[in-house]
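One structure follows; several queries about it will come next.
The values are calculated or read from the model by the stated rules, or taken from the named source; none is laboratory data. All values derive from a computational prediction rather than experimental measurement. In this analysis, Cβ positions are derived from the backbone assuming ideal geometry, glycine residues included, and neighbour counts consider all displayed protein chains. Ligands, DNA and RNA are stripped out before the accessible areas are found, and what is left, the full protein with its side chains, is counted by its heavy atoms. Shrake-Rupley method; radii C 1.70, N 1.55, O 1.52, S 1.80 Å.
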Amino acid sequence: MALHRGPERHEARTVSVNPFFGAADPVGGMAEAPPTHRLPDAPLPPATAYQLVHDELMLDGNSRLNLATFVTTWMEPQAGVLMAECRDKNMIDKDEYPRTAELERRCVAMLADLWNAPDPSAAVGCSTTGSSEACMLAGMALKRRWARRNADRYPGARPNLVMGINVQVCWEKFCAFWEVEARQVPMEGDRFHLDPQAAAELCDENTIGVVGILGSTFDGSYEPVAELCAALDALQERTGLDIPVHVDGASGGMVAPFLDEDLVWDFRLPRVASINCSGHKYGLVYPGVGWALWRDREALPEELVFRVNYLGGEMPTFALNFSRPGAQVVAQYYTFLRLGREGYRAVQRTTRDVACSLAGRIAALGDFRLLTRGDQLPVFALTTADGITSYDVFDVSRRLREGGWLVPAYTFPAHREDLSVLRIVCRNGFSHDLADLFLDDLTRLLPELRLQPHPLTRDKGAATGFHH
């Protein structure tokens, strides 16, 4: 979550109340204008409070036109009804809500089977609030396993975690919060993610694991997890170092099993100890659910699992959060039940088709160069073509926002700080029809952009946010 500061001083401004908001007496409903930065002295009628909040939120962007986010922005009405029925159930109260707990257990079993666990009944896992928490849990398990193997040297020795510089920011947070050195493989040339051999060369006796990303947020490409495991196999043969791999499948973990079945990236690789995914991304559930799975109990140290006697029942837990609604877990089970393998395959295929088609048509405009084409994750990145000097990707992002389209522009990290790109995320609900409208708006902007004397963005860092 972003950190916010309170106002430097309490604002004198108040929220204005329309006379029609009063239920029976329009003028009486305006007797007190509530303040914006302190609790009002008296209650408001529910209709008034609703309307005030509703009207301010109209200034938010339209989530369906948000091509920056990976998070699901559309579900069926029936899923919404189920979520409303379960939003008051505390997911942590397993004894009070045993059927909700059972649906969570079934989801873990389904994912273990989907990700080819050697023995799905032996795999262990849990739901989380999203992939960020799931990554934190996976990192904690890696560190604890390393500490147990190196009890004679730890805590004197400093552990490290190897990853590409393209990882989601949660991995940098993990390293900062749990005092682990982040060893990052930089980008080079047209390689925008981790290089397996370079990753292996960064490993030593203090390496707790290597993170492979199945679907980089920077450009939508899959990292070569099988090649990474092979490089670490060779490292073990040379040095004896046995380095586990965690696969961050935040997005690709719910795409590759359906569209890239021959791609070996999951528990079929013995070196893969754990996998996470975001149910609220290509798992097709509204925000608030992720999943973390370990191939067996050996991969998840028992001392990290708390067995709490809570409200009458023993409850094994492994989490950073405690109380949270059961709605998203129920929605995940609904979606698994509703779609099945064939349904997921159809949805993800359509989404990839939209991405590949839109990428090709944007390339045909002549003003842009594609870095990726949406044929792995349904995500692609592009930059301005050689010879385009009148505008840059930040100008394009700003102008598209005028039509309601939210498209992030950002600069790549080391060693490709010279490259600034636009990234377009295609999700379920972003149809061929919406892609046509997007392309129409982009095409309509180009003549004006070409007439600019030069790019107009002064501060590229503040031009548009990149939040993965």
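Mind grabbing the base-10 log of I(q)/I(0) for region 344-463 at q = 0.12, 0.17, 0.22 Å⁻¹? Debye formula, identical points on the C-alpha positions, no solvent, two decimal places.
For the requested q values the scattering log ratios are -0.43, -0.85, -1.36.
I want the local charge near C277. Using Cβ-Cβ distances under 11 Å, sum +1 for each Lys or Arg and -1 for each Asp or Glu among the other residues.
On the way: positive: K281; negative: D248, D266.
Within the 11 Å Cβ shell, the charges total -1.
With every protein chain left in place and a probe of 1.4 Å, what is the accessible surface of E302, to the nearest 10 Å²?
For E302, solvent-accessible area is about 100 Å².
Please provide three numbers in whole Å: the alpha-carbon extents of region 36-194 along the principal axes, with the largest listed first.
64, 42, 39
Per residue of region 237-247, what does 6.51 cos²θ - 1.76 cosθ + 1.60 with θ = phi - 60° give for ³J(HN,Hα)? Whole Hz please, x for Gly and Pro, Karplus curve as stated.
4, 7, 10, x, 6, 10, 9, x, 10, 10, 9
Then there is this: Amide H of T384: which non-local residues (sequence gap of 5 or more, or other chain) have their own amide H closer than 5 Å, using H built in the peptide plane?
Result for T384 returns R369, V393.
In the neighborhood of L434, defined by Cβ-to-Cβ distances under 11 Å, what is the net charge if each Lys or Arg adds +1 and each Asp or Glu adds -1?
Residues near L434 contribute -2 overall.
At 1.4 Å probe size, with every protein chain present, just tell me what the per residue accessible area of the chain comes to in Å².
Working: 22230 Å² over 468 residues.
Dividing the accessible area of the chain by its residue count gives 47 Å².
What does the extension gain come out to for W74 and A363, with contour length at 0.36 nm per residue minus their alpha carbon separation?
Result for the pair: 101.2 nm of gain on full extension.
Right, something else. Please give the length that would be gained between A147 and D88 if that part of the chain were fully extended, namely 0.36 nm times their separation in residues minus their C-alpha to C-alpha distance (nm, one decimal). Show your work: numbers first, answer last.
Values: separation 59, 0.36 × 59 = 21.24 nm, distance 3.95 nm.
Once the chain is fully extended between A147 and D88, it gains 17.3 nm.
What fraction of the Cα pairs in region 114-257, stated in percent, has a spacing above 18 angstrom? Walk me through the intermediate numbers first.
Values: 5863 of 10296 pairs.
Here the tail beyond 18 Å accounts for 57 percent of pairs.
At a 1.4 Å probe radius, which order do Y50, Y97, Y410 fall into by accessible area, largest first?
Working: Y50 135, Y97 70, Y410 10 Å².
My answer, sorted largest first, is Y50, Y97, Y410.
Take the alpha-carbon centre of region 320-347, take the same for region 349-424, and report the distance between them in whole Å.
That distance is 31 Å.
Another question, if that's okay. Using a Förster radius of 30 Å, what is the FRET efficiency between D296 and R191 based on their Cβ-Cβ separation? Nearest 0.05, please.
Details: r = 33 Å, r/R0 = 1.11.
Step by step, r from the Cβ atoms, then E = 0.35.
Ok, one more. Would you calculate a helix-derived [θ] at 222 nm for the chain, using -39,500 (n - 2.57) for each DSSP H run of n ≥ 4 and dividing by the full residue count, to the nearest 500?
-11000 deg cm²/dmol
Nothing charged except the Cβ atoms of Lys and Arg (+1) and of Asp and Glu (-1): what's the magnitude of the dipole of region 233-383 about its Cα centre? Round to the nearest 20 debye. Could the numbers behind the result be given before it?
Details: 16 positive and 17 negative charges, 120 e Å.
Computed charge dipole of region 233-383: roughly 580 debye.
Shifting gears a bit: Given that compact globular proteins tend to follow 2.2 N^0.38 Å, what is the ratio of the alpha-carbon Rg of region 199-268 to that value? Kindly include the intermediate steps, with their values, before the conclusion.
Working: Rg = 12.8 Å, N = 70, 2.2 N^0.38 = 11.1 Å.
Dividing the Cα Rg of region 199-268 by 2.2 N^0.38 Å gives 1.16.
Residues with beta-carbon under 12 Å from that of T69, excluding T69: net charge, scoring Lys, Arg +1 and Asp, Glu -1? Before the final figure, lay out each step's value.
Details: positive: R64, K281, R423, R427; negative: none.
The answer is +4.
Please report, in whole Å, how far the alpha carbons of the chain spread along each principal axis, starting with the longest.
Largest to smallest, the principal-axis extents are 78, 68, 49 Å.
Turning to a different aspect of this structure: Pairs of alpha-carbon atoms within less than 8 angstrom and 6+ residues apart define the contacts here; what relative contact order does the chain have, in percent?
Values: 837 pairs, mean separation 87.0, N = 468.
With pairs under 8 Å counted, the relative contact order is 19 percent.
Hey, rough spin-label estimate for R307 and H54, points 7 angstrom out along Cα→Cβ, what's it come to in nanometres?
Going from the R307 label point to the H54 one covers 5.1 nm.
Now a separate question. Rounded to whole Å and ordered largest first, report the semi-axes of the equivalent ellipsoid of region 238-340 derived from its Cα gyration tensor (root of 5λ). Kindly include the intermediate steps, with their values, before the conclusion.
On the way: eigenvalues 134, 109, 21 Å².
Computed over region 238-340, the values are 26, 23, 10 Å.
Ok, one more. Quick check: pseudo-label points 7 Å beyond the Cα along Cα→Cβ at V169 and E417, how many nm apart are they?
1.8
Which ³J(HN,Hα) values, rounded to whole Hz and listed in residue order, are derived for region 117-133 from phi using the Karplus coefficients 6.51, -1.76 and 1.60 in 6.51 cos²θ - 1.76 cosθ + 1.60 with θ = phi - 60°, glycine and proline given as x?
Going residue by residue, I get 4, x, 9, x, 6, 8, 5, 10, x, 7, 7, 9, 7, x, 5, 4, 5 Hz, with x marking Gly and Pro.
Could you let me know the centre-to-centre spacing of region 205-227 and region 133-157, using Cα atoms, in angstrom?
Region 205-227 and region 133-157 have Cα centres spaced 19 Å from each other.
Could you put Y391, Y286 in order of accessible surface area, largest first, with the 1.4 Å probe and the full protein assembly present?
Working: Y391 5, Y286 75 Å².
Correct descending sequence by accessible area is Y286, Y391.
Could you give me the radius of gyration and the Dmax of region 56-143, taking only the C-alpha atoms into account and expressing both in angstrom?
Values for region 56-143 (Cα only, Rg and Dmax): 16.8, 51 Å.
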